[in-house]
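Peer 1: Just passing along the structure, written as structure tokens.
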Amino acid sequence: MTERRGQGTVYAALVTLSLVWGYTWVAIKIATYDASPFVVAGMRLGIATLILFALLPLTGRSLRPPPLVPTIILGLLQTTGWTLLQTFAVSMGGAGKSAVLGYTMPFWTALLAWPFLGERITRIRWLALGLAAAGLAFVVAPLDAHSLLADGFAIVAGISWGASAVYAKRLRQRHDVELLSLTAWQLMWGTLPLIVLMFAFPSPIRWTGSFIAAMAFMSVGGGALGWFLWMFILSRLPAGVAGIASLATPVVGVLAAAIQLHEIPSPAQLAGMTLIVIALVVNARPAAPDAETAR
């Protein structure tokens, strides 16, 4: 009963994260109408960092930092690289398409988790990866030369995040670190370069109601809550499985962009989204006991 309850908590966290991070892509697009990508990235995570550090003493946790160098590396991969590239991709291209390209992350996570974590990809996971890859191919084809740079930013953002997911699992295997503390400190180290870039490349901000609402949502939901949920999920699931399961997020992003930004997917993109959903269903099926992911 306790194990089922624990699994239910993980899946509830996955659903919540998919909804929050899915809509974050739309919020980024709205915010970049009124401020530069440097400002949007730096401000949203600066606020998220303050929120998480305020939560540490409020929840009785120590402010003592986790191991310095590993936490800095995690922050650079998971916070700096992912957030900055993600923001530039959305500012230059469509929110929905960027969301899907950014979520090539599960492929890099699963592939990197095999040699670095010993998480072998089972047959059912290979099938899920194949279906998801076919879905992504439908979404991005045909390539548009005008959006090539934005697409490249989104894909490299996915690589950075995939590497960070594997590194986070490895860090927690080697060090006994408290989850909320690790999340807060990696967020701080990863946000510092974004703050520096924000001041190094200053730009005007239009303080519109939509900008303030978008920044509030990204800071509290997509930033503080989102990263904590992601670290929680990684602590409960193999990195490859968590990465593939998170493919629900770009589907939410595409749907939200279609509804609010009128970025209507083409028939090919809809077919790709369907394949991604099927991949999620396949991934949810339990593997045979002798074929479980190695740890």
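The values are calculated or read from the model by the stated rules, or taken from the named source; none is laboratory data. Worth saying up front: this structure is predicted, and the values here are computed from it rather than measured. Note that each Cβ is placed from the backbone with ideal geometry, even for glycine, and that neighbours are counted across all protein chains shown.
Per-residue answers, yes or no, for (1) assigned to a helix (DSSP H, G or I); (2) charged (D, E, K, R); (3) without any contact (Cβ under 8 Å) to a residue 40 or more places away in the chain:
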site: T83; (1), (2), (3): yes, no, no
site: A89; (1), (2), (3): yes, no, no
site: K97; (1), (2), (3): yes, yes, no
site: V100; (1), (2), (3): yes, no, no
site: W126; (1), (2), (3): yes, no, yes
site: A134; (1), (2), (3): yes, no, no
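Peer 1: Within the stretch 25-44, is even one residue part of a helix (DSSP H, G or I) and touching a Lys or Arg at 6+ places or on another chain (Cβ under 7 Å)? Give the derivation first.
Peer 2: Taking the stretch 25-44 first, the residues part of a helix (DSSP H, G or I) are 25-31, 37-44.
Now narrow it down to the ones that are touching a Lys or Arg at 6+ places or on another chain (Cβ under 7 Å): none.
The answer is no; no qualifying residue exists.
Peer 1: Is it the case that L148 is among the aliphatic types (A, V, I, L, M), surrounded by 16 or more Cβ atoms within 10 Å (Cβ to Cβ) and either without any contact (Cβ under 8 Å) to a residue 12 or more places away in the chain or within 17 Å of L77 (Cα to Cα) (or both)? Full working, then the answer.
Peer 2: Values: among the aliphatic types (A, V, I, L, M): yes; surrounded by 16 or more Cβ atoms within 10 Å (Cβ to Cβ): no; either without any contact (Cβ under 8 Å) to a residue 12 or more places away in the chain or within 17 Å of L77 (Cα to Cα) (or both): yes.
No.
Peer 1: For residues that are surrounded by fewer than 15 Cβ atoms within 10 Å (Cβ to Cβ) and not in a loop (DSSP other than H, G, I, E, B), scanning just the stretch 58-81, find the one that is modelled with the lowest pLDDT.
Peer 2: Per the criteria, the residue is L58.
Peer 1: May I ask you to say which residue of L101, L84 is within 22 Å of G158 (Cβ to Cβ) and crowded, with 24+ Cβ neighbours inside 10 Å?
Peer 2: Working: L84 fails: crowded, with 24+ Cβ neighbours inside 10 Å.
After ruling out the rest, the residue left standing is L101.
Peer 1: Continuing with the same structure: Which numbered condition trips up P204, out of (1) farther than 15 Å from R44 by Cα; (2) touching a helix residue (DSSP H, G or I) at 6+ places or on another chain (Cβ under 7 Å)?
Peer 2: So P204 meets the others, but not (2).
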